Amino acid sequence: MSGTIGIRLEDKHEWERRVPLSPQGVQALSEQGVKVVVQPSPLRAFEDAAYEAAGGELRQDLSACDVVFAVKEIPESLFRQ
């Protein structure tokens, strides 16, 4: 399996700590050859360092990702045309 998955930071509600994918899930995907890009977030239930240790890449820009996961809906303005 290959490809790139993005994990979007949640910004709809300032208290949102839920995640669409845990560091354990990132590690499992990374071991299968899937690249996972994670937008940094100071609020997320898991620290950014846990995602890095699991094989995720911290980066603001998710535009190169094949698919982006989020807990809440993604604003339409962020979709590719």
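Couple of notes before you dig in:
- Residue-normalised accessible area of the range 12-72, expressed per residue, 1.4 Å probe, Å²: 60
- For the pair residue 24 and residue 72, label points projected 7 Å from Cα toward Cβ lie 2.7 nm apart.
The values are calculated or read from the model by the stated rules, or taken from the named source; none is laboratory data. Everything quoted here is computed from the prediction, not taken from an experiment. FYI the Cβ positions are ideal-geometry reconstructions off the backbone, even for glycines, and counts take in every protein chain you see. Accessible surface is based on the protein model in full, side chains and every heavy atom, while ligands, DNA and RNA are left aside. Shrake-Rupley method; radii C 1.70, N 1.55, O 1.52, S 1.80 Å.
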